[in-house]
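Just so it is clear, none of the values below were taken in a lab; they were calculated from the coordinates. Just so it is clear, the model here is predicted, and its values are computed rather than measured. Cβ placement follows ideal geometry from the backbone for every residue including glycine, while neighbour counts extend to all protein chains displayed.
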């Protein structure tokens, strides 16, 4: 079983739709959860990070973490064609008991296409 | 701030040759850099962790003699793919940690596309 599972899609939505992207994970030690956006043939760029459970909002993006279910989500409101990219969830696998340092474990990434 | 560059962006080489990829943190000092490999439609897989002034730590299954990593300064790490073969063709991405944040956030470079003929 992979530590982080993410449906690769592809996911195609019309412009203006609400997009829901999700990941599940198995390691209860994960405390920091990130969402990255990666355009084709580019490096990932951090969209949002969340510590522990709860919601975090930044503009059209909302990240949710449910540690009891080991489930994280990214919602994109009023999606735009420029949001078309691959979205990767990532979590820090803690080193030596420290939750905020360690290796990043990535999901497979979900390819999103927003059609005009 | 926190910009990471990679050079080259693209490289095509013949089988058996060696290729060097540079990763630079442009506006911050990075004591730790990471090297990832990404195959098409797959996620980023960590290859090694590079600490300035010390030997790199390789992930299980990554050949250290094939993927040579040097982190000689706080702003530069290099990955050399020795005796490259077609199966080494991939997208190689580095990242660098900028300290002083709530967590050790990694900033990623734009990646290097390696094609071995």
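Summary table
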quantity: Residue A:57-residue A:77 pseudo-label distance in nm [points 7 Å out on the Cα-to-Cβ vector]; calculated: 0.5
quantity: Rel. contact order, % - alpha carbon contacts under 8 angstrom, at least six apart, region A:5-104; calculated: 32
quantity: Separation between Cα centres of region B:1-33 and region A:1-36, rounded to whole Å; calculated: 28
quantity: For chain B, alpha-carbon Rg relative to the globular expectation (2.2 N^0.38 Å, N residues); calculated: 1.01
quantity: Stokes-Einstein D in µm²/s, Kirkwood radius over Cα pairs - the protein assembly as shown at 25 °C with 0.890 mPa s viscosity; calculated: 134
quantity: Pairs of Cα atoms farther than 18 Å apart, chain A, %; calculated: 47
quantity: Averaged over A:30-41, number of beta-carbon atoms from partner chains that fall within 10 Å; calculated: 2
quantity: Shielding by other protein chains, A:43-49, mean Cβ within 10 Å; calculated: 6
quantity: Percent RCO, i.e. relative contact order, over chain B, from Cα pairs under 8 Å lying at least 6 residues apart; calculated: 36
quantity: Peptide A:13-21, shielding by other chains (average Cβ, 10 Å cutoff); calculated: 0
